[in-house]
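There's a structure below that I have some questions on.
The values are calculated or read from the model by the stated rules, or taken from the named source; none is laboratory data. Keep in mind the model is a prediction, meaning the values are calculated, not measured. All Cβ positions, even for glycine, are placed from backbone atoms using ideal geometry, and neighbour counts span all protein chains on display.
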Amino acid sequence: MGGVLDSVGMFDLAAALPEQVAAAAALGAELETLPDHDAIENVVVLGMGGSGIAGNVLQAVAAPFMPVPVTVVKGYEAPSFVGDGTLCFAISYSGNTEETVEAAQMAAAAGARMVVLSHGGQLASLAESWDAPYIQLPDIPMPRAGVGAVSIPPLLVLERVGLFPGAAQYVADAVHQLRRRRGKLIMDGGPAQELAAAIGRTIPIVYGGDAIGEVAAYRFKCEVNENAKAPAFAGALPEMCHNEIAGWGQHGDVTRQVLTAVRFRHDFEHPQVARRFDLTHDILDEVVHTVLDVQAEGEGALAQLFDLIIQGDFVSLHLATQAGVDPGPIPVLNDLKAALEA
């Protein structure tokens, strides 16, 4: 896009997501020393930020079909139940995320079967010292732009050990849908640009239904934060119907000026969740600037989740463009990391 401030090439990276997902399916295909299906009692995914989203994707798409529980950890400590029956994915694009490194060391010390994903860094060295399967992630300048690279390999590993049969077909269907959607998103004046214009300078309150919608809503909230450098907040149905919806009863004169509700919808919503979206629409519409819907398409849960992700990514980038903000650099996060290391 001519004239757009985008020093890192975030628009190009977003547009390349179909190819990134396709290439990620081959990452780790030659992994050896994976545990046997019967030896795995639970799966744990360690990761933060743009790398940690991989755990949320796995939990939303694969966990409902798996015979063992999945736990996602975004912090410094591995769960106390981790042991030699744990298959543990440690994911950090840089390989140096301090929370993930510390939690991974705890998990390995507890006897977990580790699978490590990074571009290098401390995790790569630790994987070698543990003699653990290691997947080297491609060189992508911003971890959040590598959502396909971090999310797809764990699904294929789970397929190889027999915990998530059919993962390869899920990925192929996701690539097909991403390519279909990209053609619409890269058009000048396309739907993502229109939705960004409708949000304008308001603050998005993003809602998703069930696990798939919740992950997509959270991803979009984070992309608005990092790309547009703007506040955004996320919630999920049906939970919001038991608490948050009651909070829209006051201050409509204020919220109508500053908040927009964005609803991430998909075909795998529980019927009652779909009804809850219908029943809460007018309540929200009364007290926010506007209510906007993003609808998923595609064959299968992974395809629809990534369809929502790529749509949300482009909307966040257009929000950055509207604000005259470079979506790539995140100086406040870099400053915070430097302060923690001091």
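Determine, yes or no, whether Asp131 is outside the structural domain of Gly85 (by TED's automatic domain parsing), of a type in the set (Asp, Glu) and surrounded by fewer than 19 Cβ atoms within 10 Å (Cβ to Cβ).
Criteria not met by Asp131.
Give region 199-241 a look and list any residue that's acidic (Asp, Glu) and within 13 Å of Asp313 (Cα to Cα), or say none.
Glu223, Glu226
So, of the residues in region 248-273 that are aliphatic (A, V, I, L, M) and assigned to a helix (DSSP H, G or I), which turns out to be surrounded by the most Cβ atoms within 10 Å (Cβ to Cβ)?
This residue is Val273.
Could you run through region 196-217 and say how many residues are part of a helix (DSSP H, G or I) and either surrounded by fewer than 19 Cβ atoms within 10 Å (Cβ to Cβ) or over 20 Å from the mean Cα position of the chain (by Cα) (or both)?
Within region 196-217, residues that are part of a helix (DSSP H, G or I) and either surrounded by fewer than 19 Cβ atoms within 10 Å (Cβ to Cβ) or over 20 Å from the mean Cα position of the chain (by Cα) (or both) number 3.
Moving on to the next point. Can you go through Gly298, Gly328, Gly312 and tell me which one is in contact with a Phe, Trp or Tyr (Cβ under 9 Å, 6 or more places away or on another chain) and either assigned to a loop (DSSP other than H, G, I, E, B) or without any contact (Cβ under 8 Å) to a residue 12 or more places away in the chain (or both)?
On inspection, the qualifying residue turns out to be Gly298.
Taking region 274-290, which residues are surrounded by 18 or more Cβ atoms within 10 Å (Cβ to Cβ) and not hydroxyl-bearing (Ser, Thr, Tyr)?
Arg276, Phe277, Leu284, Val287, Val288, His289
Now for a separate question. Which is among the acidic types (Asp, Glu) and farther than 25 Å from Gln304 by Cα, of Asp139, Asp173?
Every option except Asp139 fails the conditions.
Additional query: Somewhere in region 21-40, is a residue more than 15 Å from Leu158 (Cβ to Cβ), buried (at least 20 other Cβ atoms within 10 Å of the Cβ) and in contact (Cβ under 8 Å) with a residue 40 or more places away in the chain?
Taking every residue of region 21-40 in turn, at least one turns out to be more than 15 Å from Leu158 (Cβ to Cβ), buried (at least 20 other Cβ atoms within 10 Å of the Cβ) and in contact (Cβ under 8 Å) with a residue 40 or more places away in the chain.
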